[in-house]
Amino acid sequence: MTITPAVKAILANYESDNPGTKANLARMLMHGNLAGTGKLIILPVDQGFEHGPARSFAVNPPAYDPHYHFQLAIDAGLNAYAAPLGMIEAGADTFAGQIPTILKLNSSNSWATTKDQAVTGSVDDALRLGCSAIGFTIYPGSDHFFDLVEEIRALAEEAKAVGLAVVVWSYPRGGDLSKAGETALDVSAYAAHMAAEIGAHIIKVKLPTDHIEQKEAEKAYAGTDWSNQADRVRHVVQSSFAGRRIVIFSGGAAKDADSVYQDARDIRDGGGFGSIIGRNSFQRPRDEALAMLAKLQRIYKGEE
Amino acid sequence: MTITPAVKAILANYESDNPGTKANLARMLMHGNLAGTGKLIILPVDQGFEHGPARSFAVNPPAYDPHYHFQLAIDAGLNAYAAPLGMIEAGADTFAGQIPTILKLNSSNSWATTKDQAVTGSVDDALRLGCSAIGFTIYPGSDHFFDLVEEIRALAEEAKAVGLAVVVWSYPRGGDLSKAGETALDVSAYAAHMAAEIGAHIIKVKLPTDHIEQKEAEKAYAGTDWSNQADRVRHVVQSSFAGRRIVIFSGGAAKDADSVYQDARDIRDGGGFGSIIGRNSFQRPRDEALAMLAKLQRIYKGEE
Amino acid sequence: MTITPAVKAILANYESDNPGTKANLARMLMHGNLAGTGKLIILPVDQGFEHGPARSFAVNPPAYDPHYHFQLAIDAGLNAYAAPLGMIEAGADTFAGQIPTILKLNSSNSWATTKDQAVTGSVDDALRLGCSAIGFTIYPGSDHFFDLVEEIRALAEEAKAVGLAVVVWSYPRGGDLSKAGETALDVSAYAAHMAAEIGAHIIKVKLPTDHIEQKEAEKAYAGTDWSNQADRVRHVVQSSFAGRRIVIFSGGAAKDADSVYQDARDIRDGGGFGSIIGRNSFQRPRDEALAMLAKLQRIYKGEE
Amino acid sequence: MTITPAVKAILANYESDNPGTKANLARMLMHGNLAGTGKLIILPVDQGFEHGPARSFAVNPPAYDPHYHFQLAIDAGLNAYAAPLGMIEAGADTFAGQIPTILKLNSSNSWATTKDQAVTGSVDDALRLGCSAIGFTIYPGSDHFFDLVEEIRALAEEAKAVGLAVVVWSYPRGGDLSKAGETALDVSAYAAHMAAEIGAHIIKVKLPTDHIEQKEAEKAYAGTDWSNQADRVRHVVQSSFAGRRIVIFSGGAAKDADSVYQDARDIRDGGGFGSIIGRNSFQRPRDEALAMLAKLQRIYKGEE
Amino acid sequence: MTITPAVKAILANYESDNPGTKANLARMLMHGNLAGTGKLIILPVDQGFEHGPARSFAVNPPAYDPHYHFQLAIDAGLNAYAAPLGMIEAGADTFAGQIPTILKLNSSNSWATTKDQAVTGSVDDALRLGCSAIGFTIYPGSDHFFDLVEEIRALAEEAKAVGLAVVVWSYPRGGDLSKAGETALDVSAYAAHMAAEIGAHIIKVKLPTDHIEQKEAEKAYAGTDWSNQADRVRHVVQSSFAGRRIVIFSGGAAKDADSVYQDARDIRDGGGFGSIIGRNSFQRPRDEALAMLAKLQRIYKGEE
């Protein structure tokens, strides 16, 4: 398929990257039902690692099988599938060449006693498994933030040199941040900005609330009505180098379908680049999940 | 011997691995009395290191000699023998080519002041000693879990590149886990899943009780009767990539023979892949141990 | 697009390769108008280097521009585009993600005083330029054959480790080979076989004549009628691990269209995997070339 | 432009450096409106990372775009532009060769729980992005000072070997320092001196007050009137190897224009080498910023 | 100085290069009297090495001093100065930052018994000496051509990774080439094309005659009148990726000024990018050389 003007414009923003990295970004942007639109929906399945298998998959038992998720992402026409080492290893051969994959290189779990993650994969793993990108989570605010940043810095430099793209999950938590602060508008915008600063190609943050966490930031946000979610999305995109970096949003825990659709409309209307939808897809029965993802794609195409 | 369909089906699940690693998995699955059944019994002897020599061997003094264990595993027709560096070095030449070996690459001991382990061997050691696999213990829940994961990540990447298999002992402990929680059903399933996520080929966990440790997980387990051990085994296997990874179970401290047999029947009936039996074999007189292991093999073959 | 059974069957033959290499093979097999058929047409443009720019491009001056060839391959819906370093560097960014590319890692030229080639690119170049494969020419028969083989051996090992595919141009020449012998049936089959032996994923040879070059081989070919080109193609494919390796055929110097079509029918009927067509496409006016390539694709689809 | 005697004299002080590093120092000293004067004004934009995007850019929204800052520095005829990895990557191609750049290799943020910084770039990044220098912040007084020093030591050694210049931001904070002490005269002079001691080519400190923080230092400062800012600047320059190292001063948070001009006159009169002006330029409307920077350049030229 | 559209258009052709390499290309294109025109004149002084000092410098004795040439290039407002290691080392500090330099990494000499060159410098040398590019000579046609190509391949890959530009002197000689053939039109075009194929950013060839050396190439050149030098230049530029690579021409041995001027007009009119002028400048008295170079610059600007 010929690259569309929308995708060309996005690729042009990655002006310091080599053609290998751009080709991998293009692969994700030109795959599936949203190919060429400049929007993307990614299926991430690291919840087994992060929350445990039963909490993640018991509600929809076929999802215990790693192949289930590859197939779901392919059948739903998603842009990419992201998972940790074991999950990718368990299907990379069967599904080779069928969908762009993102190897998540660090992971935490329910029992972690620190706001940190363990490195669980390498750039060489991503190459041998045929992945288009590496993924990495940072925790802005955490006491371990600097360590996480130094880990992704080295991994990202290595990934870019061999033509892979870099996807950063930026999840504020820990340190002095309040629980509400983790999804505050100022905090989300800052978290997205820091991911851009450390060189991420694709940034994933949570949809922000209208709470402002930092006293010092209040002035900058005063005088504007932040009650509209689309406006908050727009601010996060603006904070990611004025839209020069792809920012996608996660939906969090499973919720009712209408909320998921409304979120997508707000992301679209605010100029966001798409959604990363895990539990809201694989925790539903497969048919329901496929229907929901199809509707989300229509929303991103502006058809609903 | 021709690879059986049962073993072929298992090997096919390791789809991202190179033929070297598959050949080593096949070597273990095609060795001994259970060859070709898809089941395995492994003899592990790291108890000298972990608990001290007298606590481990005084009850059966010939077991002080490393050769004793090689010979026991060979004579019992087991699938593999696992031990730390010194134990393997002390017999690897005499018994070269007689039984697949697993070099345990980390170890703890009775005096450890942290829930951690020391790395005590290398992938190069495993190659020069003719081993089929490396072994490694992780402690999910421990404050040192992330360090352990980063150690095995690097060792596993190296091992896979040179065609070795990777066996992970996943033993929850430390952090916020209660003592009962260490063998809780949700915890065991999660521990097995995390071993799969970090890329283990063979996962070893303890047989779980029907205790549920995590409040957040209760909902996922509610409404099901977990009193049957075989059902609990089945859940752990399901949590290990829907049975795509070999999961074997340990018996723990020495106990009466009938309990050992019942455990094996439950593992078999629940779809587990076998047992790893240390103290319950080498702490018995040799004849008794051989008889017990033979009976266990008959159980796994469905003959008893 | 979902991988077709035809492509799955081909990929299954590369059983020792990692998922990264299979994904890159799949990319070529699933791209363009022949996507999914198991057939492929590749555009190679190394003639500027090999024969000089005027001899290659004067007949169709737009072809002096490297972008011309990327665009031709894309617009014709070919499976891949192959060229040396400079030609790829000159368009890899503009056309990133639009067509699989093969970086040709060695080259000769009209003035070469030996039957050898110079290494002109690296595996790292292939990664930074987003290529799916490396390409390399060997000259079976040449005094430099062993050197060439040792070069590709090292490059192929490196390429396979990082998930790239390996394409070998196997062109017998030099040493004791007669001119007619360079395309003799026994020689072509042997050349294809040696490429398979050194680990090529895709093998490119010239269409063989019915000449038998080697005295010692005559007996093996006696008693069979080799006058049919499709039969000769079938023998070359058979010699490439009984069809377990992709073998494609080159047409050589520009010639009349009907000959090109007949060659394609013979390749198809003999079980060959496709064509690599350089001068016969870019030395024609663009419209004519597009029409010819479209017809060739229909031939490979069995439509003409 | 021919190197002026003023610049030649400065370069001569870097007598152990290779010609590559001197060429990069010369590039900064010979670029823009102050070219050849021996003075320099640098635009640093790491405030997005350090304080968050909204606090930094909401007052002048075009500044959310990384291109804005490259263009501002170019249009204002500044000597160099300094920023972290992401900001440089986002414009390095578009503005290649148009202004010397300094890649800031470490960064902190508003939520940091320690007086430390994370390393966010490498010397290789600086080379591939065409930078003239690396930048690095140290926190004299902090518990992490030794770690920071050891990081910059290694990076500076590497940078000097490949002909890059080294710019050190020396910002006392943490440990036993009082808030007032952070900009005390003795502390600023000491901070500049330590930057010189660890091998910085260009040292950036804040303009010092006349406060003396250290009891042990009081005697050394007694008997002199330090009320004049130019005298304090002269002391800091003197403390930086008697003026053998370039020392530039920052203005801190945005303030009224007259204060900015007066600071520049004091820096100039005290023998300082120039200013590094971030928020005081990009937080003003572009026209106002350009006017201010032009006036500052005239001040440094002694024209106002 | 702001990059001009002419220079921007040239830089855009180097689409696979990192910003560092583009910045160094920009430095050469934006320096001296031809800055911004897209044309360049380079002073090369490797004749002492190639032909001996007396043959090179006796006619103008101040030219024995390496500083003479740096100063000449600076005073003449040339774009760059190219020389071997020793010549650059002897002036790199004195003239740091005053003119872009090209470190010539291989050299031959009058006594060479083969058509080969010795590698005399490294990429690390180029970095420590502050050079903008590396230079390298290849001898198409020579028995040593493949060795030379493999040397520059490795050096160019290393240079590009650290942001340096690559200049290739492509001088056909040796093998089956006749003396007249060394500057034949087909040979020059082919030599330029091969330099482009191996990844050169700037290509230097000799001005071609209208001789056609290769029998096989005659057809491609037949039917066109090649008596006009500008047309021959145009063909060489066309052969260098249709003008996507900078091609500059050398004047060879010293000759009368009018010939030099006419050559420049022909280069300009044929779309060439400039001249590399060694003996014709430094073998004249300095004043005469400066006058000649000034006039050449006016010619390239279209003023004469």
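The values are calculated or read from the model by the stated rules, or taken from the named source; none is laboratory data. Given the structure is predicted, the values throughout are model-derived calculations rather than measurements. Backbone-built Cβ (ideal geometry, glycine too); neighbour counts: all protein chains shown. Protein only, heavy atoms only, side chains kept; ligands, DNA and RNA dropped before computing areas. Shrake-Rupley method; radii C 1.70, N 1.55, O 1.52, S 1.80 Å.
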Q: Kindly indicate whether C:Glu288 is more than 23 Å from C:Ile74 (Cβ to Cβ) and more than 16 Å from the chain's Cα centre (by Cα).
A: no
Q: Using the structure shown, decide if D:Leu103 is out of contact with any Phe, Trp or Tyr (no Cβ under 9 Å at 6 or more places or on another chain), assigned to a loop (DSSP other than H, G, I, E, B) and at negative phi.
A: no
Q | Leading residue by the ranking (nearest to C:Asp17 (Cα to Cα)) among those in segment C:122-132 that are more than 7 Å from every other protein chain (Cβ to nearest Cβ) and assigned to a loop (DSSP other than H, G, I, E, B) | A | C:Ser132
**Q.** Members of segment A:261-296 that are open to solvent by less than 10 Å² (accessible area, probe 1.4 Å) and outside any loop (DSSP other than H, G, I, E, B)
**A.** A:Ala264, A:Ile267, A:Gly274, A:Ser275, A:Ile276, A:Asn280, A:Ser281, A:Phe282, A:Ala289, A:Met292, A:Leu293, A:Leu296
Q. Which condition breaks for A:Leu85 when tested against (1) in contact with a Ser or Thr (Cβ under 6 Å, 6 or more places away or on another chain); (2) under 20 Å from D:Gly121 (Cβ atoms); (3) buried (at least 24 other Cβ atoms within 10 Å of the Cβ)?
A. (2)
Q) Inside segment D:42-56, can you point out the residues that are small (Gly, Ala, Ser) and either free of Cβ contacts under 8 Å to residues at least 12 places away in the same chain or over 29 Å from D:His31 (Cα atoms) (or both)? A) D:Gly52, D:Ala54
Q.
Return the residues of segment A:75-88 that are among the hydrophobic types (A, V, I, L, M, F, W, C) and part of a helix (DSSP H, G or I); say none if nothing qualifies.
A. A:Leu85, A:Met87, A:Ile88
Q: Please note which helices (runs of 4 or more DSSP H) are completely contained in segment D:133-221 and include at least 2 residues that are buried (at least 20 other Cβ atoms within 10 Å of the Cβ) and touching a helix residue (DSSP H, G or I) at 6+ places or on another chain (Cβ under 7 Å).
A: D:145-161, D:185-197
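Quick one: in segment A:232-260, which of the residues that are part of a helix (DSSP H, G or I) and out of contact with any helix residue (DSSP H, G or I) (no Cβ under 7 Å at 6 or more places or on another chain) is farthest from A:Ala222 (Cα to Cα)? Break it down into steps so the answer makes sense when it comes.
Of the residues in segment A:232-260, the ones part of a helix (DSSP H, G or I) are A:232-238, A:257-260.
Narrowing the set further to residues that are out of contact with any helix residue (DSSP H, G or I) (no Cβ under 7 Å at 6 or more places or on another chain) leaves A:234, A:237, A:258-259.
Working: A:Arg234: 16, A:Val237: 19, A:Asp258: 31, A:Ser259: 28 Å.
The qualifying residue farthest from A:Ala222 (Cα to Cα) is A:Asp258.
Look through segment C:7-25, keep the residues that are of a type in the set (D, E, K, R) and touching a helix residue (DSSP H, G or I) at 6+ places or on another chain (Cβ under 7 Å), and return whichever of them is farthest from A:Phe95 (Cα to Cα).
We begin by selecting, within segment C:7-25, every residue of a type in the set (D, E, K, R); these are C:8, C:15, C:17, C:22.
If we keep only those that are touching a helix residue (DSSP H, G or I) at 6+ places or on another chain (Cβ under 7 Å) as well, we get C:17, C:22.
Numbers: C:Asp17: 14, C:Lys22: 10 Å.
Only one residue fits best here, namely C:Asp17.
Rundown of residues vs (1) of a type in the set (A, V, I, L, M); (2) under 22 Å from D:Pro84 (Cα atoms), yes/no style:
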position	(1), (2)
D:Thr120	no, yes
D:Asp125	no, yes
D:Glu157	no, yes
D:Trp169	no, yes
D:Met194	yes, no
D:Gly199	no, yes
D:Pro208	no, no
**Q.** All positions within segment D:43-77 that are within 25 Å of D:Asp124 (Cα to Cα), within 14 Å of chain E (Cβ to nearest Cβ) and either in contact with a Gly (Cβ under 6 Å, 6 or more places away or on another chain) or open to solvent by 10 Å² or more (accessible area, probe 1.4 Å) (or both)
**A.** D:Pro66, D:His67, D:Phe70, D:Gln71, D:Ile74
(Q) For segment A:183-194, check the following and say yes or no: at least one residue is in contact (Cβ under 8 Å) with a residue 12 or more places away in the chain, within 21 Å of A:Ile276 (Cα to Cα) and away from every other protein chain (no Cβ under 12 Å). (A) yes
Q: Mind counting the residues in segment A:94-116 that are over 21 Å from A:Phe282 (Cβ atoms) and either within 7 Å of another protein chain (Cβ to nearest Cβ) or β-branched (Val, Ile, Thr) (or both)?
A: 6
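Please verify whether C:Phe57 is under 19 Å from the mean Cα position of the chain (by Cα) and not charged (D, E, K, R), treating the condition exactly as stated.
On the way: under 19 Å from the mean Cα position of the chain (by Cα): no; not charged (D, E, K, R): yes.
For C:Phe57, the condition - under 19 Å from the mean Cα position of the chain (by Cα) and not charged (D, E, K, R) - is not met.
In segment A:89-103, which residue that is farther than 30 Å from A:Asp143 by Cβ and among the hydrophobic types (A, V, I, L, M, F, W, C) is surrounded by the most Cβ atoms within 10 Å (Cβ to Cβ)?
A:Ala96
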(Q) I need the full set of residues from segment E:104-119 which are acidic (Asp, Glu) and either open to solvent by less than 20 Å² (accessible area, probe 1.4 Å) or modelled with pLDDT of 95 or more (or both), in order please. (A) none
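Condition first: in contact (Cβ under 8 Å) with a residue 40 or more places away in the chain and surrounded by fewer than 24 Cβ atoms within 10 Å (Cβ to Cβ). Now tell me which residues in segment C:21-30 satisfy that.
Answer for segment C:21-30, where residues must be in contact (Cβ under 8 Å) with a residue 40 or more places away in the chain and surrounded by fewer than 24 Cβ atoms within 10 Å (Cβ to Cβ): just C:Arg27.
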